[in-house]
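The structure appears below as structure tokens.
Each reported figure results from applying straightforward, stated rules to the coordinates on display, with no laboratory input. Given the structure is predicted, the values throughout are model-derived calculations rather than measurements.
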């Protein structure tokens with residue numbers, strides 16, 4: 001059974017700081033997704049990573065994929081309050097399997 | 001708005017009643033997915049369609065759950081004889097299936113179900 005584990009599950013950080021969220025998974029899949037979810041809202045697609053070594057950046061967020069280590073990271077640079085949300089990674093075999101999510105709170 | 005839509009957005013029902021949810025995918029998308037999300041957890045896959053064919057069902061989808069996509073467009077998810085454990089957010093997603101995979105699934109706003 002495919003397992004997707006995120007670390008940390010809860011993250012409280014100050015504005016302006018950097019931090020990394022980790023996503024480990026148990027399959028050989030080379031397709032990994034990052035989604036954002038605001039409280040009470042649906043999921044918004046952030047990144048699609050489709051090969052080993054893939055790196056994508058959008059604003060203050062950068063995602064990378066290491067298929068050999070079965071690890072993806074989501075790096076936050078100079079956090080701002082608007083980034084407060086829950087972030088999910090998800091891995092595809094025949095369907096998306098999601099991690100538990102990382103609840104990020106950025107404090108002023 | 002050309003995104004994925006779901007109806008209703010909220011549903012409160014009594015245990016034992018049947019409920020039906022509807023999902024309208026993005027118009028050109030051939031794949032449609034149903035997920036269930038409980039508080040503090042990531043979405044869990046329930047089932048998926050390619051056009052009108054239901055290609056995969058999760059073990060989470062008990063006999064009380066049934067999904068259809070009769071004309072390959074909108075889909076319905078019905079829960080019969082609801083139980084309190086069915087209370088969750090039901091999310092629908094759609095994608096344009098690509099030969100090599102890697103397509104993005106776009107999620108609807110969800111239907112929040114509360115079973116009393």
message: Per residue, how big is the convex hull of the protein assembly as shown when only Cα atoms are used? Give it in Å³.
response: 124 Å³
- prompt: What residue among B:59, B:69, B:15 has the largest mean-square fluctuation in a Gaussian network model of chain B, using Cα springs under 10 Å?
  reply: B:59
message: Can you compute the radius of gyration and Dmax for chain A, using only the Cα atoms, both in Å?
response: 13.1, 41
statement: Log10 I(q)/I(0) at q = 0.12, 0.13, 0.21, 0.24 Å⁻¹ for chain B, from Debye over equal alpha-carbon scatterers, is -0.39, -0.45, -1.17, -1.48
- line: One finds the C-alpha centres of segment B:20-38 and segment A:25-96 to be spaced, in Å, by 21 Å
Relative contact order (%) - chain A, alpha-carbon pairs under 8 angstrom, separation at least six: 37 percent
task: For chain B, calculate the relative contact order in percent as a whole number, restricting contacts to Cα pairs under 8 Å that are 6 or more residues apart.
output: 36 percent
- request: Return P(r) of segment A:1-56 (all Cα-Cα pairs; 10 Å bins starting at 0; whole %; ordered from short to long distances).
  value: 17, 45, 34, 4
